[in-house]
Amino acid sequence: MMLNKPFDVLCQFTSQDDRRTLKDYVDQPGLYPAGRLDRDSEGLLLLTNHGPWQARIADPRHKMPKTYWVQVENEAIERQLAQLRQGVDLVDGRTAPAEVDRLAEPLLWARHPPVRFRKSVPTSWLQITICEGRNRQVRRMTAAVGLPTLRLVRVAIGPWTLADLQPGSWRELDGF
């Protein structure tokens, strides 16, 4: 199944401290996320009860592309985009090259709470596709090139796209 995970929702079905979890949106036993999205990230999450399918999606050896729309602080310049395209040195090693393009501000649902707005600091949107899945990778990559992430929405995993799925909504997947 595919879920549009809302902002501020843990990517798990239980919580020790009453935070919102996937169980608040999906009440089907035996499902597990195929990959993760941080609490402060939004968008497409695939859920399954089939271990090999979950591994195929989540394991970086399979190089399943994941596409994100990323709002960053500042205007992205070509040098920064080139760095992301070549791979970025992070504490845990160099990332694989990413596909990166500038993006006009996408039509998205309102986020609650909204992204902070500062009149003196411009923002820009990027579309970033990676085939890895390190912890907070996209956020760390953009920060490493001087573009801190303000909002991160995963819009595609392999052939599956978020399309018109609204936050908190889910639908069954077509084959794999």
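Looking across the stretch 33-57, just one residue is surrounded by fewer than 18 Cβ atoms within 10 Å (Cβ to Cβ), of a type outside the set (F, W, Y), in contact (Cβ under 8 Å) with a residue 40 or more places away in the chain and in a helix (DSSP H, G or I), and that is R56.
Inside the stretch 143-169, residues that are modelled with pLDDT of 95 or more and either assigned to a helix (DSSP H, G or I) or aromatic (F, W, Y) (or both) make up a count of 2.
Based on this model, can you work out whether Q71 counts as outside any strand (DSSP E or B), touching a residue at least 40 places away in the same chain (Cβ under 8 Å) and within 19 Å of R139 (Cα to Cα)? No. There is no residue in the stretch 125-145 that is more than 26 Å from R56 (Cβ to Cβ) and exposed (fewer than 15 other Cβ atoms within 10 Å of the Cβ). Looking across the stretch 155-176, the residues that are under 20 Å from R61 (Cβ atoms) and not β-branched (V, I, T) come down to A156, G158, P159, W160, F176.
Whether a residue is hydrophobic (A, V, I, L, M, F, W, C), outside any helix (DSSP H, G or I) and over 19 Å from P106 (Cβ atoms) was assessed, and L173 passes this test.
The values are calculated or read from the model by the stated rules, or taken from the named source; none is laboratory data. Owing to the predicted nature of the structure, the values given are computational and were not obtained by experimental measurement. Ideal geometry is used to build each Cβ from the backbone, glycine not excepted, and the neighbour counts take in all protein chains shown.
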